[in-house]
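> Sharing a structure here in structure tokens format.
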Amino acid sequence: MKKILFSMTDDNSAGLYDEEINDIYHSKTGALKEAIDKFIIPSQLSNLVKLKDEINILDICYGIGYNSKAAFISKEKANLNIDCLDINPMLIFISPFIKDNIDDFDLKIYLFSEILKNCRESSEFYVKNFSTVYLKDVQFFEPSMINFIKFLITEGYIYSGSSLNLSFLHNIYYKYISTDMKNSKKANKYSNSKINFKIGDARNTLKELDSLYDVIFLDAFSPQKAPELWTINFINLIKNKMHNNSVLLSYSKSTPFRSALLELGFFVGKTLINEIDMGTVASMNKNYILNTLSDYDLALINTRAGIFYEDSDFTLSSADIIKNRLIKISRSDKISHTSFLKSSKIL
């Protein structure tokens, strides 16, 4: 099992670090803040909910769910249908329990119920091994949710089959666990929304989905760490799940990533936070591009730095994808990244 380390980020939400990949899941400035600033706000979700009663969202690399959670708490009146992809079932399972700076227990109970239904086999494993899997880092988890799952384990409700539903869990929480309310509620406010989880390599699980999405979050490890999820081929798979008014969001401002998007016919822009380039927005509708790429950005894309990653059969390892790109760069007659930077400084 991968070694995942926890830490508190600056907005009091828990962040993760993967020792095996040697990369962070979340910005030190704030895991929840990053989701809102880099995914929710530039998606223009607040405008979309005024136009549609139901919104379809694809969350690629769900992790511990900050992007999906941020979408739920900002959705206003619309119902959300979210499909979530991730390769690590443990992270999906613990996502309702993390200290995420979201004071919304309806959402946590809703997520837990849907995870149990969607990921039954892996969820039962983590429930049975609850204390050994992550209770050593209990300071990074919501105490009331820890008490909730302990109650379910003690009472045996976790394996009650058909009785395991949203209202059942919701009522148990408010009746026995919550200190905020003495009486149970009858329904969860998210019960009309839908969230589904698919565990595995996103190159494969994405092919299994037959929906078109209004909003897509691409939140994989960086292209240098997980290039298989940034290839032009994988991005084309994503494109096939979009309609003309869909929008794709990512924290990445990688030149090969933006180059691939342009090659596939997207309008491409950037997410500005305090006038600093902090991510990428792409759509077939140019109205979603509020901050266009600069002449400098476009010139950089036309250098060797803009040569995109490729994986035509969706079978290559990260190392092979990187190696093949380096070979292509070595054979390219485009100006090198270094020469471009030197000439730009002169200009």
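The values are calculated or read from the model by the stated rules, or taken from the named source; none is laboratory data. Since the structure is predicted, the reported quantities are computational estimates derived from the model, not experimental observations. Methodologically, a virtual Cβ is constructed for each residue, glycine included, from the backbone with ideal geometry; neighbour enumeration extends over all protein chains shown.
> Identify, from the list Ile21, Ile115, the residue that is within 23 Å of Ala187 (Cα to Cα), under 19 Å from the mean Cα position of the chain (by Cα) and either among the aliphatic types (A, V, I, L, M) or at pLDDT 80 or above (or both).
The match here is Ile115.
> Just to be sure before I move on: is Leu298 part of a helix (DSSP H, G or I), loosely packed, with under 14 Cβ neighbours inside 10 Å and out of contact with any Gly (no Cβ under 8 Å at 6 or more places or on another chain) in the structure I sent?
When the stated conditions are applied, Leu298 does not pass them.
> Here is a follow-up. Taking the criterion of being of a type in the set (Gly, Ala, Ser), farther than 18 Å from Ala14 by Cα, at pLDDT 70 or above and surrounded by 15 or more Cβ atoms within 10 Å (Cβ to Cβ), would at least one residue in the stretch 134-144 satisfy it?
No.
> Can you name the number of the only condition in (1) without any contact (Cβ under 8 Å) to a residue 40 or more places away in the chain; (2) touching a Ser or Thr at 6+ places or on another chain (Cβ under 8 Å); (3) assigned to a strand (DSSP E or B); (4) surrounded by fewer than 20 Cβ atoms within 10 Å (Cβ to Cβ) that Asn245 fails?
That leaves (1) as the condition not met.
> Related question: Can you name every residue in the stretch 58-99 that is in contact with a Leu (Cβ under 6 Å, 6 or more places away or on another chain), touching a residue at least 60 places away in the same chain (Cβ under 8 Å) and not in a helix (DSSP H, G or I)?
Ile60, Gly63, Asp83 - these are the residues of the stretch 58-99 that are in contact with a Leu (Cβ under 6 Å, 6 or more places away or on another chain), touching a residue at least 60 places away in the same chain (Cβ under 8 Å) and not in a helix (DSSP H, G or I).
> State all residues of the stretch 257-275 that are hydrophobic (A, V, I, L, M, F, W, C), touching a helix residue (DSSP H, G or I) at 6+ places or on another chain (Cβ under 7 Å) and modelled with pLDDT of 95 or more; if no residue qualifies, say none.
Ala260, Leu261, Leu262, Leu264, Phe267, Val268
> Given the criteria β-branched (Val, Ile, Thr), crowded, with 21+ Cβ neighbours inside 10 Å and touching a Phe, Trp or Tyr at 6+ places or on another chain (Cβ under 7 Å), does Thr280 qualify?
Here the answer is yes, as Thr280 does meet what is asked.
> In addition: Could you grab me the full set of residues in the stretch 302-344 that are assigned to a helix (DSSP H, G or I), under 18 Å from Pro223 (Cβ atoms) and not hydrophobic (A, V, I, L, M, F, W, C)?
Arg304, Gly306, Ser318, Asp320, Lys323, Asn324, Arg325, Lys328, His337
> Still on this structure, please answer the following. Do you know which residues across the stretch 1-21 are part of a strand (DSSP E or B) and among the small types (Gly, Ala, Ser)?
Within the stretch 1-21, Ser7, Ala14, Gly15 qualify.
> In addition: Working only within the stretch 39-63, note down all residues that are closer than 13 Å to Val247 by Cα and not hydrophobic (A, V, I, L, M, F, W, C).
Pro42, Ser43, Gln44, Asn47, Asn56, Asp59
> Which one is farthest from Glu114 (Cα to Cα), of the residues in the stretch 49-65 that are surrounded by 18 or more Cβ atoms within 10 Å (Cβ to Cβ) and out of contact with any Ser or Thr (no Cβ under 8 Å at 6 or more places or on another chain)?
So, considering only residues that are surrounded by 18 or more Cβ atoms within 10 Å (Cβ to Cβ) and out of contact with any Ser or Thr (no Cβ under 8 Å at 6 or more places or on another chain), the one farthest from Glu114 (Cα to Cα) is Val49.
> Yes or no: Thr280 out of contact with any Cys (no Cβ under 8 Å at 6 or more places or on another chain), assigned to a strand (DSSP E or B) and polar (S, T, N, Q)?
Yes: the conditions hold for Thr280.
> Taking the stretch 256-277 on its own, how many of its residues are touching a residue at least 60 places away in the same chain (Cβ under 8 Å) and in a helix (DSSP H, G or I)?
Qualifying residue count, the stretch 256-277: 1.
> Something else about it: Kindly evaluate Asp10 against the criterion of being surrounded by 18 or more Cβ atoms within 10 Å (Cβ to Cβ), more than 19 Å from Lys225 (Cβ to Cβ) and of a type in the set (D, E, K, R).
No.
> Further, regarding this structure: Would you mind stating whether Leu32 is modelled with pLDDT of 90 or more and assigned to a helix (DSSP H, G or I)?
So Leu32 passes the test.
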